[in-house]
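Below is one structure, written out as structure tokens; the observations come after it.
None of the figures in this text is laboratory data; all of them are computed from the coordinates on show. Just so it is clear, the model here is predicted, and its values are computed rather than measured. Note that we place each Cβ from the backbone using ideal geometry, even for glycine, and neighbour counts take in every protein chain shown.
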Amino acid sequence: MSCSSDDLLVPFEQVESVHRDLLDLMPEQIVDALALAWHHEHLSYQYHGKIKYAHQQQSQQWLDFAEGLLANPFEPHKILA
């Protein structure tokens, strides 16, 4: 199975598209905080013990930060993370 360089770029193009869509819904600072929360939550599945807990804590801190920036209820936006 071979991959062309165009095939390798597809995921990045999809991320750029989702990022633009999210920026239409909320400020960039909130989008960035939600992305960091997702990243740490994702990493927590790869680890155990203290490292897993640290990533879960980081994820929650970024969610709390994003929630503090939002003027409207947080729950609908949390789903996007």
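Once both labels are positioned 7 Å from their Cα atoms along Cα-to-Cβ, the gap between Leu23 and His48 label points is 4.2 nm. Taking every C-alpha pair closer than 8 Å and separated by at least 6 residues, the mean separation divided by the residue count of segment 10-72 gives a relative contact order of 32 percent.
Of the peptides 36-44, 7-15, the ranking by mean beta-carbon count within 10 Å, highest at the top, reads 36-44, 7-15.
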